[in-house]
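What follows is a short report on a single structure.
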Amino acid sequence: MKKRGLLLWSFLMFTLVTGCFGHLVYPSDAYRGRVIDAETEEPLVGAVVLAIWYWEAPGVGHPAEGYHDALEVLTNAQGEFTVPAKTHLTMIGKIREPELVIYYPGYGFYPRYQVQPRDDKAIAAAYEQRFFNVALPRLKTRQERLNILVGLPYDPQIPDRKMPHSIWLMNEERRQLGLQPTHIPREEREQ
């Protein structure tokens, strides 16, 4: 009887780690790119690139999914960025490739208000090549800038410590527009 229980437990653990629920290790490739002003084609120095990974597991009716991890980087003097390769561990489901959010105050953001890449086909090609040429349009009016702040696709599940530059740039944009910061990182609140 003990042998049968041990065999059943071993089978369930094997299935959990390698079977229908997913693998244990999910490597994610490095992603590179360049962010420029759509009109002048000048690099946007200090734009934030936030990579967000989500897990996905089988579910009833549709897959279950949720936040797994995030990492942000800034563009350099040439407007270039690299999201380094990363290994993710999970016991349930799989880890999807990262979703990127690129933001710079006074500009539209990627993946919704960019000039380049232009469409879903170009975005899919960028993911396949692991290289993004992103051209962001400068916003002309105060109302456009306010609309962008409201529309930024940041997941509230992402811990502050994973996106300090994003928070700082959004708050800086709000200050430039004469508004109070709406999201103050915990570290700043405690000072």
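Read-outs throughout are calculated quantities, based only on the coordinates presented, and are distinct from any laboratory measurement. All figures in this text were calculated on a predicted structure; none of them were measured in a lab. Here the Cβ is made from the backbone with ideal geometry for all residues, glycine too, and neighbour counts use every protein chain on show.
Placing a label point 7 Å from the Cα of residue 155 along the Cα-to-Cβ direction, the residues of segment 95-116 with a backbone N closer than 16 Å are 95-102, 111. Need one number: nm distance between label points at residue 115 and residue 180, each 7 Å from Cα along Cα→Cβ, rounded to one decimal. Reported label-point gap for residue 115 and residue 180 is 3.7 nm. Ordering 57, 102, 170 by Cα displacement along the dipole of segment 23-186 toward the positive end leaves 170 in first place; charges were set at the Cβ atoms of Lys, Arg (+1) and Asp, Glu (-1). Phi-derived couplings, Karplus 6.51 cos²θ - 1.76 cosθ + 1.60 at θ = phi - 60°, listed residue by residue for segment 49-63: 10, 9, 9, 10, 9, 10, 9, 9, 9, x, x, 7, x, 8, x Hz, with x used for Gly and Pro.
Legend: residue pairs 86/121; 94/162; 140/162, Cα-Cα distance threshold 28 Å; pairs beyond threshold, 140/162.
Across segment 124-139, rounded Karplus estimates of 3J(HN,Hα) from the backbone phi angles (6.51 cos²θ - 1.76 cosθ + 1.60, θ = phi - 60°) give 4, 5, 4, 5, 5, 7, 6, 9, 10, 9, 10, 10, 9, x, 6, 7 Hz, Gly and Pro being marked x.
Taking the Cβ of residue 53 as the centre, find all other residues whose Cβ is under 13 Å away and add up their charges (Lys, Arg: +1; Asp, Glu: -1). Summing Lys/Arg as +1 and Asp/Glu as -1 gives -4.
Charge tally around residue 72: other residues with Cβ under 11 Å, Lys/Arg +1 each, Asp/Glu -1 each, net +2.
Note on residue 80 and residue 141: the model spin-label points, each 7 Å out from Cα along the C-beta direction, lie 3.9 nm apart.
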